[in-house]
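Every read-out reported here was derived from the displayed coordinates using simple, explicitly stated rules and does not represent laboratory data. These figures come from a predicted structure and were not determined experimentally. Virtual Cβ from ideal backbone geometry, glycine too; neighbours counted across all protein chains shown.
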Amino acid sequence: MVTVQLLVIAGILSFVMSFIGGFARLSRFALVRWVSGGIIEFFRGTSLLVQLFWLYYALPLLGVSLPSGLVGIVGLALNYGSYGSEIVRSSILAIPKGQTEAGIALNMTPAQRMRSIILPQAFRIMLPSFGNLMIELLKGTALVSLVTISDMTLNIMQMRNTVGHDTQILSLLLVAYFIIGYAMTLGFRWLERRFSAGRV
Amino acid sequence: MDVTETDETQQTDGKEPIIKYRNISKSFGDHQVLKEIDFDLYPGERVAIIGPSGSGKTTLARLLMTLEKPSAGTIQVDGRHLWHREVKGKLVPANERHLHEVRGDIGMVFQHFNLFPHMTILRNCTEAPVKVLGLPKKEAVERAKEMLDKVGMLDKVDQYPANLSGGQQQRVAIARALVMRPKVMLFDEPTSALDPETVGEVLNVIKDLARQGDMAMLLITHEMSFAREVADRICFFDDGKILEQGPPSQIFTQPKTERLQEFLKRFHLNGNGFQEVQ
């Protein structure tokens, strides 16, 4: 199913982008912080639908034509990756300074502190937000039908033209999104439980 | 009166200091918390730092643990510059790698313990030996258990920090620092954040360490009777300077400066030692 494919591929890409973007925002180098900040703010601050239209209709006029599937994936990944970057950044900053200091007192390197101390704790804070983001992403995939990708929404809309029965068919679409979304909710709840070691 | 006598009281035994602060100043914005401090710590020596809040005691320790950077001056650990590298006879600011190399002999116990909440007690004590010292897991576990036994926490190895009382967490934090076998251990007000009933157990652990170890200890504390019992030397900090120092007998019974006399008046001697007068 195209919707699920999009969800999985764009989900993984935006997850990866979240970490790249989140770490870049926290970089020691001012230039990296500024550039990543600018990119993230741009994609957070403009409409996903307009971004998709731009990639699909405007970019070819500049000489670059992407297949519609790629437009969908790139658009979704950039948009939700930007939101995700803020989740990663704020979760890392939420870890108390004493944790870093304890790591320094044990003579850990910055990389060791990040891997052993900060990230495991930050990841737990990220999970609920990422769960939210992935559901947003699922719902965002419906927009790609507007750049001619035949996802679940486009299929249903076409079926509606041929079969009719608007109420039943559109209700079916809602239920289908809800089922996928709820499955993800359960998955993230399970992850949260797995990563809750040490909490009372 | 400003009496800073450095040489008179130290039990040097001909040994070189393991820690040398020279002309150390530290400012936070406009506020200067340390003012041109010279301070030595000898191998195995136990020094208690006392003084009013905000007098710069904690900052002294944090500079040595590389948690804060001095504004001016130098610190040497075992003859090596901590905050500087020598490049062609000149001192240049240290990079992260240099700090990593030099601070390995120093350990620290924090006021708020700072245990890693996502790790078991055992893992708290084995993570750094494995990752930093490169010990095999088995050896790290043995070392950790030995130290946890020393602080009386061996029965809690599988617990998480959140399940322990403050005093228990602090004892684990002491074990975690000991596993790294530092030559110098910094205690930054280790009992200030504890419930009164658990202060004793932590002080007893530190007293035991002081008795058996050849580890140098820098104890920042408000527990006067503890300082008196454990320390070879007491340093009285006031307004970013070491105003007076000497052996406990001298500091507590014949304070020379008015400021120290004032400070000690807040504590009064009873049968068990000093107690703070509220």
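Applying a DSSP loop filter and a limit of 14 other Cβ atoms within 10 Å to the trypsin sites (Lys or Arg not before Pro) in the stretch A:11-62 leaves A:ARG28.
Put in line by how crowded their Cβ is, counting other Cβ atoms within 10 Å and starting with the fewest, A:VAL32, B:VAL151 read A:VAL32, B:VAL151. Per the Kirkwood formula applied to alpha carbons, chain B shows a radius of gyration over Rh ratio, Rg over Rh, of 0.97.
With both labels modelled 7 Å from their Cα along Cα-to-Cβ, the A:GLN5 to B:LYS256 distance reads 8.5 nm. If you plug the beta carbon distance of B:ARG22 and A:PHE42 into 1/(1 + (r/R0)^6) with R0 = 51 Å, you get a FRET efficiency near 0.50. When chain B is treated as a GNM, springs tying every alpha-carbon pair under 10 Å, which of B:GLN170, B:GLN245, B:GLN254 comes out with the largest mean-square fluctuation? Largest GNM mean-square fluctuation: B:GLN254.
Simple point charges give the picture: +1 on the Cβ of Lys and Arg, -1 on the Cβ of Asp and Glu, and for chain B a dipole about the Cα centre of about 920 debye. Cβ-to-Cβ counts within 10 Å put A:GLU86, B:GLU45 in ascending order as A:GLU86, B:GLU45, the fewest first.
Counting Cβ atoms of other protein chains within 10 Å of each Cβ in A:106-116 and taking the mean gives 6. Taking the C-alpha atoms only, the angle from helix A:152-163 to the longest principal axis of chain A is near 10 degrees. Label-to-label distance, A:GLN168 versus B:ASP158, with points set 7 angstrom from Cα along the beta-carbon direction: 5.8 nm. Only helical runs count toward this figure. For the protein assembly as shown, summing -39,500 (n - 2.57) over DSSP H runs of n ≥ 4 and dividing by all residues gives -16000 deg cm²/dmol at 222 nm. Ellipsoid fit via the Cα gyration tensor, the stretch A:17-174: semi-axes of 40, 20, 10 Å, each the root of five times an eigenvalue, largest first. Placing +1 on the Cβ of each Lys and Arg and -1 on the Cβ of each Asp and Glu in chain B, which of B:ALA72, B:GLY134, B:ILE251 has its Cα farthest towards the positive end of the resulting dipole? Final value for the positive-end residue is B:GLY134.
Kirkwood radius, the protein assembly as shown, all distinct C-alpha pairs, inverse of mean reciprocal distance: 26.3 Å.
Which of A:GLY103, A:THR141, A:VAL16 sits closest to the plus end of the dipole of the stretch A:2-194, meaning its Cα is farthest towards the positive end, when Lys and Arg get +1 and Asp and Glu get -1 on the C-beta? Looking along the dipole axis, the top candidate is A:GLY103. Put simply, the amide H of B:MET108, placed in the peptide plane, has neighbours under 5 Å in B:LEU186, leaving out anything fewer than 5 places away on its chain. In a fully extended conformation the segment linking A:ARG193 and A:LEU61 would gain 42.6 nm over its present Cα-Cα distance, using 0.36 nm per residue. On the beta carbon distance between A:VAL35 and A:ASN161, with R0 = 41 Å, the FRET formula returns roughly 0.35.
Counting neighbouring Cβ atoms within 10 Å and putting the fewest first, the residues A:SER150, A:SER85 line up as A:SER150, A:SER85. Shielding by partners for peptide A:95-103, expressed as the average number of C-beta atoms from other protein chains within 10 Å of each residue's C-beta, is 5.
For the listed peptides A:186-195, A:95-104, B:156-165, B:225-234, a ranking on the average number of other beta carbons within 10 Å per residue, highest first, reads B:225-234, A:95-104, B:156-165, A:186-195. Dimensions of the stretch A:1-91 from C-alpha coordinates, computed as largest minus smallest value along each principal axis and given longest first, are 37, 31, 18 Å.
Averaged over peptide B:99-110, the number of partner chain Cβ atoms lying within 10 Å of each residue's Cβ comes to 3.
Averaging 1/r over each pair of different alpha-carbon atoms in the stretch A:92-200 and inverting the result gives 17.3 Å, the Kirkwood hydrodynamic radius.
Can you give the extra length, in nm with one decimal, that the chain gains between A:ALA176 and A:THR109 once fully stretched, where that is 0.36 nm per residue apart less the Cα-Cα distance? So the extension gain works out to 19.3 nm.
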